[in-house]
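Encoded as structure tokens, the structure appears first; notes follow it.
The values are calculated or read from the model by the stated rules, or taken from the named source; none is laboratory data. Everything numeric in this text was worked out from a predicted model, so none of it was measured. Reconstructed Cβ throughout: ideal geometry from the backbone, glycine too, with neighbour counts over all protein chains shown.
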Amino acid sequence: MYTKKQTVIPEDVVDRAYQGKCSKEDALVLLEGSPFELFELADTLRAQAVGDIVSYVTNRNIYITNKCAGNCGFCAYRTEKGYILSVDEILKKVDEARKAGVVEVCIQGGYTPEIDMEFYLEIVESIKAEFPEICIHALSPMEVNYAAGISGMSVEEALRKLKRSGLDSLTGTSAEILSDRVRKIICPEKINTQQWIDTVTAAHKIGISTNATIMYGHVETIEERLDHVFVIREIQKETDGFTELIPMSFLPYNNRIGEKMLASGKFASTGLEDLQLIAISRIILHTHVNNIQATWVKLGKKLAQVALQCGANDLGGTLMEDQISTASGGSNGEYVSPAEFEWMIKGAGRIPVQRDTLYRKVSPNSGIEKAHFRIAEEQK
């Protein structure tokens, strides 16, 4: 049985947290103390930053390819002989999503020599031309770097063209852990830490917002997790371009890194670790990044609801499909209806609000439940 640590957070640590000046030393003190005191402080700062509103977005993931030239040790989704959707096939999926009342499509894929920047630009332009009301949240810093290189253009030029084409937001994925020591182990072929920083910073400076992610619970240390969050804070102080932080727990099934972990008796992060990372992220990022997501597809619905008492204020998206998590052994499903999100949020004593990609409030669509359910069932 867990025994609560009888600790009291030092006043100077609390003061710096309220001022948005939590240091790495402060963060370590907080993590070494009582988790319940940590959660209480994070929840208090959450209330100060965003009040009692908990948001979510009605969206659809669209996987344009499962082909990837990379060989990341944590990935169970990529294949060398897979598919690449045509623009018409992508538009069909967007149309289905629009009819279901979604406000965001999240375009995901891998990086392959068969996909250049011109193809990405055609996708974005075509979606925006037919569905101007839909927010396009697409591409990772890795994909932008790779496709820009194939097309013989700089990352900055590629980002400017994506913005002119109608891209609303760049994803903050491919961050994993922003430590080159870790990256050499889990994703040596991907962009390095500085390249990720430079890409999102460039995006922010030309007016493309991004979210930020951290994929934890594999080979990184606690200090490396904290360093990652502090890097996000430093970028935000310079650009103010992050909309949210999304902590994503590593799923150790059907991939090389996970197989080694499981063989050694380690089973990824515990639920307590998940909540502690959400809480310490809230504290480190206080006054800098307002939104911390509890991603139900990684945590499960019940733990995601508990996370709303530990610093989180967003539950992410309805998704309609999440092939990447399920390929790695995720068992929390691929879809949550808006009605269930509302029930979860109200059950936590909070106020549910639908948002778009950029955290603007949107009005609920009365026909969304049946249409969402129909398309989600078609994915099974």
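Among the conditions (1) under 17 Å from residue 204 (Cβ atoms); (2) touching a helix residue (DSSP H, G or I) at 6+ places or on another chain (Cβ under 8 Å); (3) free of Cβ contacts under 8 Å to residues at least 40 places away in the same chain; (4) not polar (S, T, N, Q), the only one that residue 158 does not satisfy is (3). Scan segment 140-195 for residues that are within 21 Å of residue 247 (Cβ to Cβ) and not charged (D, E, K, R) and report the count. Here the count works out to 19.
Yes or no, residue by residue, for (1) within 19 Å of the chain's Cα centre (by Cα); (2) buried (at least 17 other Cβ atoms within 10 Å of the Cβ); (3) assigned to a helix (DSSP H, G or I):
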position	(1), (2), (3)
229	yes, yes, yes
236	yes, yes, yes
251	yes, yes, no
254	no, no, no
257	no, yes, yes
260	no, no, yes
269	yes, yes, no
277	yes, yes, yes
280	yes, yes, yes
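Candidates in segment 282-296 are the residues that are touching a strand residue (DSSP E or B) at 6+ places or on another chain (Cβ under 7 Å) and not in a loop (DSSP other than H, G, I, E, B); of these, the one that is farthest from residue 228 (Cα to Cα) is 296. Within segment 169-219, can you find the residues that are of a type in the set (Lys, Arg), surrounded by 19 or more Cβ atoms within 10 Å (Cβ to Cβ) and not in a loop (DSSP other than H, G, I, E, B)? Listed by number, the list holds a single entry, 183.
Can you find a residue in segment 186-196 that is under 17 Å from the mean Cα position of the chain (by Cα) and within 25 Å of residue 297 (Cβ to Cβ)? The answer is yes; a qualifying residue exists. Being among the polar types (S, T, N, Q) and either within 13 Å of the chain's Cα centre (by Cα) or in a strand (DSSP E or B) (or both) is the filter here, so list the residues in segment 238-249 that pass it. Result: 243, 249. Among the residues making up segment 138-167, those that are within 20 Å of residue 90 (Cα to Cα) and among the hydroxyl-bearing types (Ser, Thr, Tyr) are 140, 165. Within segment 132-148, the set of residues being farther than 23 Å from residue 198 by Cβ, in contact (Cβ under 8 Å) with a residue 40 or more places away in the chain and either of a type in the set (Val, Ile, Thr) or surrounded by fewer than 21 Cβ atoms within 10 Å (Cβ to Cβ) (or both) comprises just one member, 134. Does residue 133 satisfy the condition of being modelled with pLDDT of 95 or more, on the phi < 0 side of the Ramachandran plot and not small (Gly, Ala, Ser)? Here the answer is yes, as residue 133 does meet what is asked. How about segment 14-61: which of its residues are surrounded by fewer than 19 Cβ atoms within 10 Å (Cβ to Cβ) and closer than 26 Å to residue 338 by Cβ? The answer is 43, 47, 50, 51, 52, 53. The combined condition, being within 30 Å of residue 363 (Cα to Cα), touching a strand residue (DSSP E or B) at 6+ places or on another chain (Cβ under 8 Å) and either in a loop (DSSP other than H, G, I, E, B) or hydroxyl-bearing (Ser, Thr, Tyr) (or both), is not fulfilled by residue 94.
Of the residues contained in segment 102-124, none is found to be buried (at least 23 other Cβ atoms within 10 Å of the Cβ), assigned to a helix (DSSP H, G or I), out of contact with any Lys or Arg (no Cβ under 6 Å at 6 or more places or on another chain) and free of Cβ contacts under 8 Å to residues at least 40 places away in the same chain.
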